[in-house]
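Notes for the one structure printed next.
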Amino acid sequence: MATMVTSTKTITKKTTGGGSKFPGPNGNGSKRNGNEYREPDRDANRYRIGMWVALASIAMMFTALSSAYIVRAGSSNDWQALSMPRLLILSTGLILVSSAAIETARRKLKATLSSEYSRWLLITAALGLAFLVSQFLAWRQLVRQGIYVSSNPHSSFFYLLTATHAVHLFGGLLALSFLWFRSRRPVHTKIETAKRQAGADAVTIYWHFMDALWIYLFLLLFLWR
Amino acid sequence: MGRVLAVIIWTLTLLSVLLFISKKWWFPAAISEHAPALDRQFMITLVVVGISFTAAQIGLGWMVWKYGDTGKAGDRAVYTHGSNRLEVLWTVITAVIFIVLAVMGQSVWASLRLNNAPPGSYSVEVVAQQFQWNFHYAGKDKVFGRTDPKLIDDGALNFIGIDESDPNAKDDAVTSALAIPVNRPVELRLRSKDVIHNFWVPQLRFKQDLVPGMEIKVHFTANKVGKYELACAELCGQLHFKMRAYMLVLPEDELQSLEALSQEQFVARMTELLNKYQLPTY
Amino acid sequence: MSAVHEGVHRHPAPTGFIRKYIFSVDHKVIGIQYIILALAAVLVGMIMSLLMRLNLSWPGTSWKILETLFPTGAPGGVMTPEFYLSLVTMHGTIMVFFVLTTAPQGGFGNYFLPIQIGAEDMAFPVLNMMSFWVTFVGFIVILLAIVIEGNQTAGEWLSFLGPSFVGGSGTVGPIGGWTGYAPLSALGKVAGPGQGAGMNLWIISIAIFCVGSLLGALNFITTLLNMRTKGMSLMRMPLTCWAWFTTAVLALLSFPVLLGGGILLLLDRIAGTSFFIPGGLYVSGLLSGSNPNFPLHTGGSPILWQHLFWFFGHPEVYIAILPGMGATSHILATFARKPVFGYRAMVFAIFAIGLLGFFVWGHHMFISGMSPYSAVAFSILTLSIGVPSAVKTFNWLGTLWGARIRFTTAMLFALGFVSLFVAGGISGLILGQSSLDLAMHDTYIVTGHFHLVMGVASIFGMFAALYFWFPKMFGRYLGEGIGKFHFWVTFIGVYAIFMPMHVMGIAGMPRRYSQFTEYEFLKGLHPLVLFVSVAAIITISVQFLFYFNVIWSLFKGKKAGDNPWEATTLEWNTSSPPPHDNFAGILPTVYRGPYEFAVPGAPNDYMMQTDVGSEEISDNGHNGHKH
């Protein structure tokens, strides 16, 4: 391994001072450069990587809220868990099907069936919108029963967790719209194809995450209690 | 330039060390049983800290003193990327010292916090509020009268909500000063009416937060009679700096006779005792 | 003009003032914007600390300027206790978030990470722009808190949002400290002045800041993983990049927790929930639930806030210091004309600090009422985190051993960083022990400790970075003469300010006291209080010389070439300042490690990362070299 080195040779410098001569950005005599290192697929990968990174932070926030939930449940005896509004079973069904829809969209794009890709994006968006409507209806139902965000710690968390999830899902809807508008334009170059696939992959990962998150929250709110 | 920097670093180091060694501004004299062990652990840590601090600054100064650019053409630094052996050596040595310190640093904590107050302890309920302290004494029956937040009325001077209809409350007293016995374990039951406060007497070497919604039990033993200042040590609002109370450490007989008194007599006797004992000189 | 290569050149150079300098997606412009934000924020924070020192040293004095600006908070020019506490709160908040979490990472990191890894920009330039402007909005909101609480008329501006949004108390913001412990922070105005609109705006500002920070972290991580140029393996990256990367991971995983906690706190304040507020409270003569000013709360846990806050708060302090450590390693090697000693160990130490940083938050809560058993675990873990920090210090000294040091201003600040980091970090050995915390919690020894590491060492890292990279960013040197004077006064000044605080804490001086006049045991400390204030006044004054130097040097500084320091990393391969896409269309290829100084047999005492060279390719010494 590395050991101490003392240099005893006298070196004659080719250049003196700073800021004057130095080898060019390509290194001495090399014709190859870093540009060729950047291929379309590797470049487009950033959207997938970025999405996983973003999901890590979203997961952390829900972890923090979950731990607050668990601590709060144990911190006093005023915890009165809501009974599960039946509408939420519909919500769960809708989001599960929407996951299947976006996965279908993604695969259609991979098979270069771009008009079907667009169509399945729309179906996913419609299902996502239906999910949000079902959430809103469930909240309205609870409000009619006199259960508000401050009624009870469990109801506080119910509203908070479902609302936070809904906000993130709405973000997913915006991303879907963006993908759909993009899908109307034809692709010409390799880089555009790679980017389009990467975008679809990234939004799909996000969507599946929202689905899994919903299942998790559902279980936390109504199974763990 | 390097030499100037070295001298300044060494001077600052020397002055810093002198500041500590002089003990001109230091802990006040301790009055609790666990304090000698705490102070000893502090000194051991301070010696490790002092040696590490001084050695590092001397080393840094030495490097900048000795290894300035000579300006001679062709005179280069030593080309080395490091030494794995050194890395292992100084990592292990540092880890051993730090872990040993850490483990040693648990013993006072364990003796005070990992067990309950021993039987026969003298119990006082402490209820803090913005911006005063309330001390609730159980009286001769050693049972605390019931309290209820709904009964609190600062205007009517029922600061902690004593339920007068509870027979156990008959011999209770509530004052704004703390009286505890010398050489007997004391159990404090810490509560708060509004926000987080912190019970702190510097001479006791002892602190604990008072958290609303919780009753926290802590214990210690004071071993020197006298009067001491009690300060709030957790930001609780604008008069946090003024939330002072006095703690009296009394001989057992004085405390017993105090305990037997009713509320009005208790308060009056407290005032007498607060005048009788003086704060330590600083 | 640039060779448009597929997948390389993604956006053309902008035209027009707005696209070039205001809403720019160029990471270099965004980096400078972050630095400017930090320079503005630190000015506000410094003035606040000056006011605090004046109040502590000469309590009861009438200050004319306060009477004019804050007649309610300082009637007759005399600071009220709540005014002082609001200064404490806002000083801490502004410094920790808008200075220490912007310039080191968002400022220098944004500017130099892409260049140092050989990329033409960040992975997501538009997101990058958004992260700055979101942070900027957060800063505006915190400034709004000052105005809305400080001024009676402005205090009514947000009252339409509800009673908890009323301000005008005369303070400069909330009074609960930057840590905002509940229930004081959750109860609203019933718990004290400044706790109305000011506190709500504080929470909203921090929440916005969290989002901006997360967007930035996302960019840093993705860029580093995806866009390193050919030959730039992870172990050939400069230590600055490792530091920025780890800092971004810490931010990614800790800021969401603060955001979650902040949302819960806001709900407690405006939606009547009880996450942090227990039942049975009696505040300011009102029982919980008895009065519209004090709605009913039950069952919440104040300690829960502390857990959520400090789970973020501890990684946050490493976010504040790691970039400075990276810059120090980088600058020490450059001006020592030697490779970094123990590059691999340094990388592991950065990881260890980052990882362990997530497991020690309980050392802020030893006496909080949490389980005393967890205190034992946190205490031992806390002292363990001292080990990688010590390893870094040894390696810095090793880098200097056998060196040929060039004492530029940047180097002086980097050396100062080492000295101050040791001074500040070493008291962690005291504070990390649960037993000793029984005496030391909430005293000035804590204040001395964290100011030395965060408020000084971290700042020295930023100064070093600015003196080092100014020529690259602006094509001119940041005045070395004034710079050296700035260094000497600041270095001595900060020791004078913060060393005495340690003994003040040992003698018992509590934190967050607006005056020390009420206790006998504090009276003997007044000479130290005065000494610290005088040192602070001198040190703060010389910072204005620094500001002057920055502005003057931008226009009149000595011109600098592409590699004025004879450094080795990729940013010194390109022009000063770099072109829009950093490398004029041709991305560099990397052949060697980042700190190849004094290589035997090389023509110069430094070899750039792009040098192919005629002797054996060196790769941090691992491929062997003749000796």
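Give me the lysines in straight-line cross-link reach of C:Lys189: C-alpha distance below 19 Å, same-chain residues under 8 apart excluded.
B:Lys193
Set the Förster distance to 41 Å, then compute FRET efficiency between B:Asn183 and C:Thr153 from the Cβ-Cβ distance, nearest 0.05.
Values: r = 61 Å, r/R0 = 1.49.
Here the calculated transfer efficiency is 0.10.
Just tell me how shielded A:147-154 is by partners: mean number of partner chain Cβ atoms within 10 Å of each residue's Cβ, no decimals.
Numbers: counts 0, 3, 4, 10, 2, 4, 6, 0.
Partner-chain Cβ atoms within 10 Å, mean over residues of A:147-154: 4.
May I have the extent of the alpha carbons of region C:320-558 along their three principal axes, as whole Å values ordered from largest to smallest?
If we take the Cα atoms of region C:320-558, the spans are 57, 44, 28 Å.
Just to confirm the filter: which trypsin sites (Lys or Arg not before Pro) across region A:76-168 are DSSP coil and have at most 16 other Cβ within 10 angstrom of their Cβ? It would help to have the intermediate numbers written out before the result.
Numbers: sites: A:Arg86, A:Arg106, A:Arg107, A:Lys108, A:Lys110, A:Arg119, A:Arg140, A:Arg144; in loops: A:Arg86.
Here the sparse-neighbourhood loop sites are A:Arg86.
May I ask which of B:Lys72/C:Lys338; B:Lys23/C:Lys523; B:Lys142/B:Lys170; C:Lys338/C:Lys472; C:Lys230/C:Lys472; B:Lys66/C:Lys338 have a Cα-Cα span longer than 18 Å here? Each step should come with its number before you reach the end.
Values: B:Lys72/C:Lys338 16 Å; B:Lys23/C:Lys523 16 Å; B:Lys142/B:Lys170 11 Å; C:Lys338/C:Lys472 21 Å; C:Lys230/C:Lys472 23 Å; B:Lys66/C:Lys338 15 Å.
Where the Cα-Cα span goes over 18 Å, the pairs concerned are C:Lys338/C:Lys472; C:Lys230/C:Lys472.
Order these peptides, B:145-155, A:189-199, by their mean beta-carbon neighbour count within 10 angstrom, highest first. All intermediate terms of the calculation are to be shown ahead of the outcome.
On the way: B:145-155: 15.7, A:189-199: 17.9.
Those peptides, ordered most packed to least, come out A:189-199, B:145-155.
Hey, which of these cross-link pairs are over 31 Å Cα-Cα: C:Lys28/C:Lys484; B:Lys24/C:Lys64; B:Lys24/C:Lys392; B:Lys24/B:Lys217?
On the way: C:Lys28/C:Lys484 27 Å; B:Lys24/C:Lys64 36 Å; B:Lys24/C:Lys392 34 Å; B:Lys24/B:Lys217 35 Å.
Among C:Lys28/C:Lys484; B:Lys24/C:Lys64; B:Lys24/C:Lys392; B:Lys24/B:Lys217, the Cα-Cα distance tops 31 Å for B:Lys24/C:Lys64; B:Lys24/C:Lys392; B:Lys24/B:Lys217.
Please find the FRET efficiency linking C:Lys484 to C:Ala377, where r is the Cβ-Cβ separation and R0 is fixed at 51 Å, and quote it to the nearest 0.05. Numbers along the way, then the final one.
Values: r = 47 Å, r/R0 = 0.91.
For C:Lys484 and C:Ala377, the calculated efficiency is 0.65.
For the modelled label position 7 Å from the Cα of A:Thr63 along Cα-to-Cβ, which residues of region A:163-184 have backbone nitrogen atoms closer than 20 Å?
The answer is A:164-165, A:168.
Taking DSSP loops as anything outside H, G, I, E and B, show the longest stretch in chain C free of trypsin sites (Lys or Arg not before Pro) there with at most 15 other beta carbons within 10 Å.
On the way: sites that count: C:Arg10, C:Lys558, C:Lys626.
It runs C:11-557.
Rounded to whole Å and sorted largest first, list the principal axis extents of the Cα atoms in region C:90-222.
Reported extents, whole Å, longest axis first: 55, 26, 19.
Per residue of C:77-87, what is the mean number of Cβ atoms on other protein chains within 10 angstrom of that residue's Cβ? Walk me through the numbers on the way to the answer.
Numbers: counts 0, 0, 0, 1, 6, 3, 1, 2, 6, 1, 0.
That works out to 2 on average.
Antiparallel DSSP bridges in the protein assembly as shown: what percent, to the nearest 5? Mind dumping the intermediate values first?
Numbers: 36 of 48 bridges.
Roughly 75 percent of the DSSP beta bridges within the protein assembly as shown come out antiparallel.
Report, ordered by chain and residue number, the aspartates and glutamates lying within cross-link reach of A:Lys110, taken as a straight Cα distance under 18 Å and ignoring same-chain residues fewer than 8 apart.
Leaving aside aspartates and glutamates fewer than 8 places away in the same chain, those within reach of A:Lys110 are A:Asp41, A:Asp43, A:Glu192, A:Asp201.
What's the center-to-center distance, using Cα atoms, between region B:38-95 and region A:84-144 in Å?
For region B:38-95 versus region A:84-144, the Cα centre distance is 61 Å.
Considering the options C:Leu528, B:Ala222, C:Ser274, tell which one lies farthest towards the positive end of the dipole of the protein assembly as shown, charges being +1 on Lys and Arg and -1 on Asp and Glu at the Cβ, about the Cα centre.
Looking along the dipole axis, the top candidate is C:Leu528.
Per DSSP H run of n ≥ 4, the term is -39500 (n - 2.57); total these for the protein assembly as shown, divide by its residue number, and report the mean residue ellipticity at 222 nm rounded to 500 deg cm²/dmol. Mind dumping the intermediate values first?
On the way: 30 runs with 590 residues, N = 1134.
Helix contribution divided over all residues of the protein assembly as shown: -18000 deg cm²/dmol.
Rank the residues C:His526, B:His81 as a footprinting-exposure proxy: fewest other Cβ atoms within 10 Å of their Cβ go first.
So the ranking, lowest neighbour count to highest, is C:His526, B:His81.
I'd like the Kirkwood hydrodynamic radius of chain C, using the inverse of the mean 1/r over distinct C-alpha pairs, in Å.
25.4
At a Förster radius of 51 Å, what calculated FRET efficiency corresponds to the Cβ-Cβ distance of B:Glu264 and C:Ser62, to the nearest 0.05?
0.75
Over the Cα atoms of the protein assembly as shown, what Rg and Dmax result, in angstrom?
31.2, 99
Cross-link partners among lysines for A:Lys108, C-alpha distance below 19 Å, same-chain residues fewer than 8 apart left out?
A:Lys190, A:Lys195
Take the alpha carbon atoms of region B:104-183, find their center, do the same for region C:468-543, and report the distance between the two centers in whole angstrom.
When both Cα centres are located, 43 Å separates them.
Each value in this text was obtained by applying a stated rule to the coordinates, not by laboratory testing. Just so it is clear, the model here is predicted, and its values are computed rather than measured. Neighbour counts are summed over all protein chains in view; Cβ atoms, including those assigned to glycine, are modelled from backbone coordinates with ideal geometry.
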